[in-house]
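Enquirer: I have a structure I would like to understand better, so I am pasting it below and will then ask my questions one at a time.
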Amino acid sequence: MASVKEIAKLANVSQGTASMVLNGKGDQYRISTATQQKILEVARRLNYQPNISARRLRSGGETVLPIIALFWALDTRTFLMSRFLKAVQNSFNGMHDEYELLVQPFVGTKLHEVRSLLTGTRFNGAIIANATEEDEQFLEQANLLVPIVLYQRSSDKYTCVHVDSFVSGERIASLFASRNHREVGLIVPGVSSKAIRMRKEGFLSKTQELGLTVKEHHTLYGDFSERGGYEAIRQLLGSGGPLPTALFMLSDQMAVGALMALDEAGVAVPQQIEIVGHDDDDVTRFTIPTLTTVHLPVEKMAKECVKQLVDLMQHKSSEPVVRKFETHIKFRKSCGGFI
């Protein structure tokens, strides 16, 4: 395995400078961005792997285990994290080898500011969840020193585990058409997400193909939260004119707020308007009425993320792998099934 001395020589810097950059302290010691990038590029070419275990031993740690980091965006999608974490823990319990889990929150669009992702100084591999489209651009351009698996994102460069969000959107449009809806609507979380954008595009593409009408003021955007869904419905009610007879809410959280706003306004679900959410969060079984939603197989996907990452860490695979899972509609009372 390459040493810091070899990297320093090829990068034409001192061993101390190379060591500081590889330990994630380049900014602290005011080493130029160009020099840091040069050192990291040489390290990547030489397949340099930081000795995390040795560092932890030097710091007095008693237990030395490989560390898997889970990068999760700091927005309201954190409600899905509990499902993901339970599945990761179940995966760990079923493995012969032991691993430690490091949860690393990050601000969407700011993934490039997490220095340990570039240097690999804190963990042996990482699962990155809910990256924004700006974060995805960074990842495509970056030269990372640790194995990476992307959750709910697609990539030619990295192993990824995801669903076909475009097809998920198409399926809801087909459902609405089969139930004889003609004017339908869409409420979209206002976040930068390729998965959400593809759900929207799939839905709109299929509605056009099937002859369903989506008026401009029947497509609304709001905060990725219950309040965001509530306020979107209030805006829809205040726009005047007849309501669409069916709404696709691209998140269950927003659907929960939407149901409350419709109830306050005296609009009966599903008698006057049918609602479908997305994700199949636990709360959807307890709303009034219970929420029909697209089941996102978070638990199966989380287990696959761990499996693929461990294979990369143990050098059982080297080329990017794509694992695609299927979604399905969980029918409850807010919208009936196909006719």
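Enquirer: Could you state the principal axis extents of the C-alpha atoms in the stretch 1-48, from the largest down, to the nearest angstrom?
Expert: Cα spread of the stretch 1-48 along its principal axes, largest to smallest: 27, 17, 16 Å.
Enquirer: On to the next question. Within the chain, what's the longest run with no GluC sites (Glu not before Pro) in a DSSP loop and at most 10 other beta-carbon atoms within 10 Å? Give the range, please.
Expert: With GluC sites (Glu not before Pro) excluded where exposed in loops, the chain gives 99-339 as its longest stretch.
Enquirer: Where a Cα-Cα gap under 25 Å defines reach, which lysines qualify for Lys333, not counting those fewer than 8 residues away within the same chain?
Expert: By straight Cα distance, Lys333 reaches Lys200, Lys206.
Enquirer: What does DSSP give for the chain in terms of the percent of beta bridges that are antiparallel, rounded to the nearest 5?
Expert: Antiparallel bridges: around 5 percent, rounded to the nearest 5.
Enquirer: Specify, per residue and in Å³, the volume enclosed by the convex hull of the alpha carbon atoms belonging to the stretch 263-304.
Expert: Cα convex hull per residue, to the nearest whole number: 65 Å³.
Enquirer: Still on this structure, I have one more. Kindly provide log₁₀ I(q)/I(0) values, in the same order as q = 0.10 Å⁻¹, from the Debye equation applied to equal alpha-carbon scatterers of the chain.
Expert: Debye intensities relative to I(0), on a log10 scale: -0.66.
Enquirer: In addition: List the lysines whose Cα lies under 27 Å from the Cα of Lys9, skipping any in the same chain that are fewer than 8 positions away.
Expert: Cross-link targets: Lys25, Lys38.
Enquirer: In addition: What do you get for Rg/Rh over the stretch 165-296 if you use C-alpha atoms and the Kirkwood form of Rh?
Expert: Reported Rg/Rh, Kirkwood definition of Rh: 0.92.
Enquirer: Counting helices only, and only those DSSP H runs with n ≥ 4, report the 222 nm mean residue ellipticity of the chain as the sum of -39,500 (n - 2.57) divided by its residues, in deg cm²/dmol to the nearest 500.
Expert: -12500 deg cm²/dmol
Enquirer: Distance from the Cα centre of the stretch 314-335 to that of the stretch 237-259, in angstrom?
Expert: 27
Enquirer: Can you tell me the length gained on complete extension of the stretch His328 to Arg182, counting 0.36 nm per residue apart and subtracting the Cα distance? Walk me through the numbers before you get to the answer.
Expert: Details: separation 146, 0.36 × 146 = 52.56 nm, distance 2.27 nm.
Length difference between fully extended and current span is 50.3 nm.
Bear in mind these aren't lab numbers, they're just calculated from the coordinates by the rules spelled out. Remember, predicted model here, so these are calculated numbers, not experimental data. In this analysis, Cβ positions are derived from the backbone assuming ideal geometry, glycine residues included, and neighbour counts consider all displayed protein chains.
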